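Working notes for the structure below.
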């Protein structure tokens, strides 16, 4: 069997040992919380992966070994270690808020849309169309503008039928 060692020349210095910048030191309570989370398995998969990374990093394993065991990338392992040191356990386990636009329809507008979709359609039409619903919301001054796709997604989320 052939064995090979892979290393990065940028860090290879004769006799020097590279130490990790962000070292994960878990206290007993944190370790118990992570192990309990993994034992139950009722948490989001990404959160469980982060818990596995933290437990592995606390045992002073190399990042590439941890990444291979947990099946994630080496930069992900480094990022989770950094987040733990900078912000603690909850910060390391949770995700940062993702960017996105504000919702066009608030709860009141959604309720109005659902009530409108459940009412009888206009002009002897057999059913409401998404565009008709969007136009009615604008006409009733519920919203300034709304697309038929937003109406569709809102009704789908509420599992409403158009009739």
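The values are calculated or read from the model by the stated rules, or taken from the named source; none is laboratory data. The structure presented is a predicted model; accordingly, all values stated were derived computationally and were not measured. Positions of Cβ are backbone-derived with ideal geometry, glycine not excepted, and every protein chain shown enters the neighbour counts.
Here are a few things to note about the model shown:
- Neighbours by Cβ (under 6 Å, 6+ apart or cross-chain): first from the stretch 17-38, modelled with pLDDT under 95; second assigned to a loop (DSSP other than H, G, I, E, B): 37/43
- Scan of the stretch 46-60 for residues that are surrounded by 12 or more Cβ atoms within 10 Å (Cβ to Cβ) and free of Cβ contacts under 8 Å to residues at least 24 places away in the same chain, ordered by number: 48, 49, 52, 56
- Answer residue from the stretch 61-85, given it is closer than 13 Å to residue 21 by Cα and touching a residue at least 12 places away in the same chain (Cβ under 8 Å) and is nearest to the chain's Cα centre (by Cα) among those: 80
- Residue 151 being in contact with a helix residue (DSSP H, G or I) (Cβ under 8 Å, 6 or more places away or on another chain), closer than 17 Å to residue 101 by Cβ, at pLDDT 90 or above and assigned to a helix (DSSP H, G or I): yes
- Within the stretch 111-128, considering residues that are without any contact (Cβ under 8 Å) to a residue 40 or more places away in the chain and surrounded by 12 or more Cβ atoms within 10 Å (Cβ to Cβ), the one nearest to residue 37 (Cα to Cα): 111
- The condition (being modelled with pLDDT of 90 or more, surrounded by fewer than 11 Cβ atoms within 10 Å (Cβ to Cβ) and within 30 Å of residue 146 (Cα to Cα)) is satisfied by just one residue among 98, 108, 71: 108.
- Test: residue in the stretch 130-142 that is more than 26 Å from the chain's Cα centre (by Cα), touching a residue at least 24 places away in the same chain (Cβ under 8 Å) and in a loop (DSSP other than H, G, I, E, B): yes
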